[in-house]
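Colleague: Questions regarding the structure given below will be posed in turn.
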Amino acid sequence: MAVPKRRQSTTRRNKRRSHDAIKLPNPSACPQCGEPKMPHRVCPSCGTYKGRQVLNTEE
């Protein structure tokens, strides 16, 4: 069975882990009301998705 001959240095370990950080959410503007919303989700303020009214919101 293959076993590493030497242990990996902390620098190499940290370079490998540099891409593991959690990314911040990137909201976009709703085309109907302009409020920020997450992509591919119903707008929480106006209730539209892809130009259709999906949720009834109280205004």
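Colleague: What translational diffusion coefficient, in µm²/s and rounded to a whole number, does the Stokes-Einstein relation yield for the chain at 10 °C and a viscosity of 1.306 mPa s, taking the hydrodynamic radius as the Kirkwood radius over Cα pairs?
Modeller: 103 µm²/s
Colleague: Please give the calculated 222 nm ellipticity per residue for the chain, where each DSSP H segment of at least 4 residues contributes -39500 (n - 2.57) and the sum is spread over every residue; nearest 500 deg cm²/dmol?
Modeller: -3000 deg cm²/dmol
Colleague: Cut-off 17 Å, label point 7 angstrom out along Cα-to-Cβ of LYS50: give me the residues of segment 9-39 whose amide nitrogen falls inside.
Modeller: 31-32, 38-39
None of the figures in this text is laboratory data; all of them are computed from the coordinates on show. None of the values given here were measured: they were computed from a predicted structure. Every residue, glycine as well, gets a Cβ built from its backbone with ideal geometry; the counts of neighbours run over all protein chains shown.
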